[in-house]
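A short reminder: the numbers here are calculations on the coordinates, not readings from a lab. Bear in mind the structure is a predicted one, so any value in this text is a computation, not a measurement. Reconstructed Cβ throughout: ideal geometry from the backbone, glycine too, with neighbour counts over all protein chains shown.
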Amino acid sequence: MTMGRLGSSKSLGKLRDEIISRRDPDRTYVAVCGSGCLAYHSNDVFRAFAREIKKRGIEGKVGLRLTGCLGFCQRGPVVIILPDQICYFGLKDKDVPEVVSETLINKRLVERLLYQDEDSNKRIAKINDIPFYKYQNRLIIGNNTLIDPRNIDDYIAVGGYSALPKALADMTPEGVLEEVKKANLRGRGGGGFPAGRKWQTTRDAPGETKYVIVNGDEGDPGAFMDRSLLEGNPHSVLEGLILGAYAIGAHEGYVYVRQEYPQAIENTELALEQMREYGLLGPNILGSGFAFDVTVHRGAGAFVSGESSALMTAIEGFVGEPRPKYIHTSVKGIWDRPSCLNNVETWANVPLIVNNGADWYQKLGTEGSKGTKIFSLVGKVNNTGLVEVPMGITLRKIIFDIGGGIPEGRKFKAVQTGGPSGGCLPESMLDLPVDFDELSKVGSMMGSGGIIVADDGTCMVDFARYYIEFLASESCGKCIPCREGLRNMLRILNNITAGKGEEGDIETLEELSEVMEAASLCALGQTAANPVLTTIKYFRDEYEAHIRERRCPALACPELISFHIAPDKCKGCGICVKDCPTEAISGKKKAVHVIAQDKCIKCGSCLQVCPKKFNAVVKRSRQDLPATKSS
């Protein structure tokens, strides 16, 4: 940061020119992922680069940034060298001296750290040539590569805070609102409600005091899109929030972030401090007369607090419980005042729309779903991580072209979209376009953007049971349909996966789903049955096998399987004996081993550690349980 408070739009433009003029466009930069890759010790890699660059005396020629998420989490830590766009994966601190010497100084590639394409068996150096990145359109998260989230100047240098002076100096609040409405930006938090309509409702609601809110709760298992945006580029979200406040007539905003996201909180609070120093928050922003400021609220971690009215109740200082929707929060939200809530990604789209225009935005996506969407691609897929793609891309392209298909040669079975309340879709729907409306038609939803892939080793009954268990534990319990409906669903699913299912269980699950959808107070209960309904619809045969035959077709439910050692394959290596937690395996060295079924807890460790060249441990269905009569 180089200047004090900016008094006008022109002074912000002057600051941008000054920042850019001091930067050598040809200077080499090393971007080290400082988000999810921290779990892979990317901090150690960053520090190793800092030491080695200083040791070689090349600080003036090479810059170093600890960035937000670079996307390809499966191959972390990820390091990108700019401007050459060279991408290295799986770096350890011991690799850094070689990278500095070979690539930064001698301009040679370190082949073993490059991405290896499985089809061609070739090493790929450039980020945009790597299949994981090649098929994406990274409008929102692409700048993570170029920005240190702790330095506002980096954001300004890549064009950040250019939409703000354009709006304040050249557009009326109504003009900004109309541009967002024309762009047909739909909320990225799950419901897909048009953002412009929500803004209009809040703007038109009676009362002088209005609020705008960033929903950074994001409690879906396996989802980390919003967290990564706040960690990697909080200014894009905050610029969108100011633009929304200007359009609506709000002078106070909140960023609601989970307490479990300390880095997102830290980077957001630092961003707010830097914005205040530059005069981008506070009274008379850029000399426009518009005043606005933001408070960060740390959420307590309840999943239900992601629901709009529950979140606002939490901001007020009460337990996060939803309210009846007789009056929308856009009209009566925080302290009964008009409050506009959008999620992190929705706000980050707003500067793009104001800068480039609604007509430009309308060209992205499908007829009813415009723009791009960030997904967390996880589960049984080779390339896990954050992906940003245009609306309308097919599930097949995401899972197989970007995700690289299913690992270990297994077959694709299902994909769940939309988080714990999303639906599970079979292989026949892989060519379905991914947008709000198409997913809803088949019983799933966009949700906040989770895509969880299941292979043929996944039991779909247990898959549904897992999510119902999560939702049952996260239900606030305020309304009976959700609270008791989920408890009873979980009881039935537990029985089915334990081999205790009964005829009529499937029909009971369907009836419970109907009641929950119609009578629950909030979207948690109204959509909670989606995993059950879609697995019954598309994988009904698995439910019937569990109930009628006491058999798990996927060999995944512990109560319905047993582990055995094949005598003709066992070489008596003893590895399984050492790894068994219950000492259920016995046998002398170089002699056939045996598993005592009464001691076996079905943990599967023996299967995992048995050498692949032997494959002596096998799973089998338990056929010793009595079957029920077929209906």
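Quick one: length gained pulling Asn121 to Glu174 fully straight, 0.36 nm per residue minus the C-alpha distance?
My answer for the length gained is 13.6 nm.
Distance from the Cα centre of segment 489-541 to that of segment 557-593, in angstrom?
37
What does the helix-only formula give at 222 nm for the chain: each DSSP H stretch with n ≥ 4 adding -39500 (n - 2.57), the total divided by the residues, and the result rounded to the nearest 500 deg cm²/dmol?
Helix contribution divided over all residues of the chain: -10500 deg cm²/dmol.
Taking amide hydrogens as modeled 1.01 Å from N in the peptide plane, which residues meet the under 5 Å criterion relative to Gly392, leaving out close sequence neighbours?
The answer is Val434, Asp435.
Compute log10 of I(q)/I(0) for segment 9-146 with the Debye formula, placing one identical point scatterer on every Cα and leaving out solvent, at q = 0.14, 0.17 Å⁻¹, to two decimals.
-0.66, -0.94
Compute the angle between helix 344-356 and the longest alpha-carbon principal axis of the chain, please, reported from 0 to 90 degrees and rounded to the nearest 10.
Orientation of helix 344-356: about 40 degrees from the principal axis.
Hey, got the dipole for the chain? About the Cα centre, +1 on K and R Cβ, -1 on D and E Cβ, debye to the nearest 20?
Around 1840 debye, computed over the chain.
Using DSSP to call loops (not H, G, I, E or B), can you name the trypsin sites (Lys or Arg not before Pro) in segment 292-382 whose Cβ has at most 13 other Cβ atoms within 10 angstrom? Each step should come with its number before you reach the end.
Working: sites: Arg298, Lys325, Lys332, Lys363, Lys370, Lys373, Lys380; in loops: Lys325, Lys332, Lys363, Lys380.
When the trypsin sites (Lys or Arg not before Pro) of segment 292-382 are filtered for loop state and at most 13 Cβ neighbours within 10 Å, Lys325, Lys363 remain.
Hey, could you pull the Cα Rg and Dmax for segment 460-549, both in Å?
Calculated on Cα positions, Rg and Dmax stand at 12.1, 38 Å.
Which residues' amide hydrogens lie under 5 Å from the amide hydrogen of Gly301, considering only partners 5 or more residues apart or on another chain, with H built in the peptide plane?
Result for Gly301 returns Gln259.
Taking a ≥ b ≥ c as the square roots of the Cα gyration tensor eigenvalues, with a/c under 1.5 meaning rounded and otherwise prolate when a/b beats b/c, else oblate, which class fits segment 235-328? Present the calculation step by step, with values, prior to reporting the outcome.
On the way: a/c = 2.88, a/b = 1.48, b/c = 1.95.
Here segment 235-328 falls in the oblate category.
Here are some pairs, Lys107/Lys612; Lys10/Lys181; Lys411/Lys500; which of them have Cα atoms lying more than 31 Å apart in this structure?
Values: Lys107/Lys612 40 Å; Lys10/Lys181 28 Å; Lys411/Lys500 29 Å.
Over 31 Å Cα-Cα: Lys107/Lys612.
Just to check I understand the Karplus step: with θ = phi - 60° and J = 6.51 cos²θ - 1.76 cosθ + 1.60, what whole-Hz values come out for segment 516-528, glycine and proline as x?
4, 5, 7, 10, 6, 6, 9, 5, 4, x, 5, 10, 4
Where nothing but the Cβ of Lys and Arg (+1) and of Asp and Glu (-1) is charged, how large is the charge dipole of segment 160-362 around its Cα centre, in debye to the nearest 20?
Numbers: 17 positive and 25 negative charges, 117 e Å.
For this selection, approximately 560 debye.
Taking the number of other C-beta atoms within 10 Å as the exposure measure, put Ser376, Ser421, Ser473 in order starting with the fewest. Show your work: numbers first, answer last.
Values: Ser376 27, Ser421 23, Ser473 10.
Ascending number of Cβ neighbours within 10 Å: Ser473, Ser421, Ser376.
In segment 284-390, if every C-alpha pair distance is counted and binned at 5 Å from zero, what percent goes to each bin?
That works out to 2, 9, 13, 15, 14, 17, 17, 10, 2, 1, 0, in percent per bin.
Rank Ser475, Gly36, Phe224 by how far each Cα sits towards the positive end of the charge dipole of the chain (+1 on Lys, Arg Cβ; -1 on Asp, Glu Cβ) and give me just the farthest.
Farthest towards the positive end: Gly36.
Given Cα pairs under 8 Å that are at least 6 residues apart, what percent is the relative contact order of the chain?
RCO, the chain: 11 percent.
Name the long-range amide H neighbours of Leu64: under 5 Å, sequence gap of 5 or more, or other chain; modelled H, no Pro or chain starts.
Val30
Please rank Leu114, Leu185, Leu238, fewest neighbouring Cβ atoms within 10 Å first, as an exposure proxy.
On the way: Leu114 18, Leu185 24, Leu238 28.
In order of increasing Cβ crowding within 10 Å: Leu114, Leu185, Leu238.
Sort Ile140, Ile374 so that the residue with the fewest other Cβ atoms within 10 Å of its own Cβ comes first and the one with the most comes last.
Ile140, Ile374
Counting just the Cα atoms, what span does segment 22-84 cover along each of its three principal axes? Round to the nearest Å and put the largest first.
33, 23, 17
Would you kindly compute the Cα radius of gyration of the chain and its largest Cα-Cα separation (Dmax), both in Å?
Just the Cα atoms of the chain yield Rg and Dmax of 26.8, 85 Å.
Could you calculate the contour length gain from Val515 to Asp17, that is, 0.36 nm times the residue separation minus the distance between their Cα atoms, to one decimal place in nm?
Contour length minus Cα-Cα distance gives 173.3 nm.
Which of Thr527, Met460, Leu509 sits farthest toward the positive end of the charge dipole of segment 460-549, with +1 on the Cβ of Lys and Arg and -1 on the Cβ of Asp and Glu?
Of Thr527, Met460, Leu509, it is Thr527.
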